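Colleague: This is the structure, below, for whatever I ask next.
The values are calculated or read from the model by the stated rules, or taken from the named source; none is laboratory data. Computed from a predicted model, the values in this text were never measured in an experiment. Neighbour counts run over all protein chains shown; Cβ positions are idealised from the backbone, glycine included.
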Amino acid sequence: MSLAIKLQMVFDKLFMSDKWNIGYINQSPESLISSQKLNGKINWFREDSVDYAADPFIVHINGNYHIFYEELNFLKGKGEIMVTNGLSFKDKKKVEILTNQSIHLSYPYLFTEKNKFYCIPETSAIKQVVLYQIDTDNLQKFKKVRTLLEGDDFVDSSVIKYNDKYWLFTSVSGKPGALYIYYSDTLLGTFKAHSLNPIVVENHVSRSAGRLFIVDQKLYMPSQNPGKCYGGSIMINEIIHINETEFQYRTVFELLPQPPYSIGLHTINFAKGLLVVDGKRNRFSVFTPIKKIVRKIRSHV
């Protein structure tokens, strides 16, 4: 390795950092599956001043689009859940999620059940998967319903009703290539572990990348592909067969990042004709070394 390359690597490590942003296009799940690609250019939000705006989940409530997402400032060290009023960061608000302690929050998995809106934010720091109900008159208000799982560092947990059962797909931090599935007859019932847990899968399948969805009675799971880097691209996987004792899947196609966020793409979700994603680019700042040090310190507090 030449001296110039080594110096460039040192420079990048010191002064370059990831910048995540959110964007959207007009596209349905059906269109995505039939075309196997994004339907044109992504409309990116005007960037916020924060370091990360990622993990977007979109809902359509009372005639308006709202996006719940993770916001992270390196100087704070821990992610927070935010919600927009419309398709921009102009009117964003912090969601208050009460836990026993101040923890990193991310991946606010949203789904509906009997006209009620629910969210399962990632709370791996307290080793729990917790179900909350969203107050549609006050989107900042989350009411705890129950704890679904506990006892491990569960990340990016995703729930869907399919074939008369509720399926919970999740991963455990630090265990790539392993998928964990749980099932229940009701949303408020006990979630039992799949008999194959931990299910051995390819690395690009083991971590969810957005809401599970159904097209033509087929179940699909977006997953993160870390082949090139963290959050490098999204794989769309068809769940061919699933029951309490069996699981089969196949990866159907890959979604690649788009300029100017050409480094990464790791979340995809839908609501009422719109598809939202997040994208990653590199950016330079003389303050990056300080931010990285502060984040490392505060993430362990």
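Colleague: What strands (runs of 3 or more DSSP E), lying completely within the range 223-301, carry at least 2 residues that are among the aromatic types (F, W, Y), closer than 20 Å to A54 by Cα and at pLDDT below 95?
Modeller: none
Colleague: Okay, moving on. Check whether at least one residue in the range 132-153 is touching an Asp or Glu at 6+ places or on another chain (Cβ under 7 Å) and free of Cβ contacts under 8 Å to residues at least 12 places away in the same chain, and report yes or no.
Modeller: The answer is yes, given that some residue of the range 132-153 is touching an Asp or Glu at 6+ places or on another chain (Cβ under 7 Å) and free of Cβ contacts under 8 Å to residues at least 12 places away in the same chain.
Colleague: Scan the range 178-194 residue by residue and report those that are hydrophobic (A, V, I, L, M, F, W, C), in a strand (DSSP E or B) and either within 16 Å of T245 (Cβ to Cβ) or touching a Lys or Arg at 6+ places or on another chain (Cβ under 6 Å) (or both).
Modeller: L179, I181, A193
Colleague: Looking at the range 181-207 only, could you name the residues that are closer than 15 Å to I239 by Cβ, over 20 Å from the mean Cα position of the chain (by Cα) and aliphatic (A, V, I, L, M)?
Modeller: Those that are closer than 15 Å to I239 by Cβ, over 20 Å from the mean Cα position of the chain (by Cα) and aliphatic (A, V, I, L, M): L196, I199.
Colleague: Yes or no: the range 68-82 includes at least one residue that is assigned to a strand (DSSP E or B) and among the polar types (S, T, N, Q).
Modeller: No, because not a single residue in the range 68-82 is assigned to a strand (DSSP E or B) and among the polar types (S, T, N, Q).
Colleague: Something else: When the residues of the range 154-177 are filtered to those that are crowded, with 16+ Cβ neighbours inside 10 Å and more than 17 Å from F111 (Cβ to Cβ), which remaining residue is farthest from the chain's Cα centre (by Cα)?
Modeller: Only one residue fits best here, namely V172.
Colleague: Check D12, D48, D18, D55 and return the single one that is modelled with pLDDT under 95 and either crowded, with 21+ Cβ neighbours inside 10 Å or within 30 Å of T251 (Cα to Cα) (or both).
Modeller: D18
Colleague: Quick check: is even one residue across the range 64-77 in contact with an Asp or Glu (Cβ under 9 Å, 6 or more places away or on another chain), modelled with pLDDT under 95, small (G, A, S) and buried (at least 17 other Cβ atoms within 10 Å of the Cβ)?
Modeller: Checked against the condition, which is being in contact with an Asp or Glu (Cβ under 9 Å, 6 or more places away or on another chain), modelled with pLDDT under 95, small (G, A, S) and buried (at least 17 other Cβ atoms within 10 Å of the Cβ), the range 64-77 yields no hits at all.
Colleague: Show the residue pairs meeting these rules: Cβ distance below 6 Å; 6+ apart or different chains; first residue within the range 222-237 and closer than 11 Å to K280 by Cβ; second residue acidic (D, E).
Modeller: S233/E254
Colleague: Here's another thing I want to ask about it. Name the residues in the range 39-66 that are in a loop (DSSP other than H, G, I, E, B) and in contact with a Leu (Cβ under 6 Å, 6 or more places away or on another chain), would you?
Modeller: Passing the criteria: only D51.
Colleague: Return yes when D91 is touching a Lys or Arg at 6+ places or on another chain (Cβ under 6 Å) and not polar (S, T, N, Q) and no when it is not.
Modeller: Taking the combined requirement at face value, the residue does not satisfy it.
Colleague: List the strands (runs of 3 or more DSSP E) inside the range 111-157, counting only whole elements, that have at least 2 residues being in contact with a Cys (Cβ under 8 Å, 6 or more places away or on another chain).
Modeller: Qualifying strands (runs of 3 or more DSSP E): 128-135.
Colleague: Hey, can you tell me all the residues within the range 83-99 that are in a loop (DSSP other than H, G, I, E, B) and of a type outside the set (S, T, N, Q)?
Modeller: Once the filter is applied, which keeps residues that are in a loop (DSSP other than H, G, I, E, B) and of a type outside the set (S, T, N, Q), the range 83-99 yields G86, L87, F89, K90, D91, V95, I97, L98.
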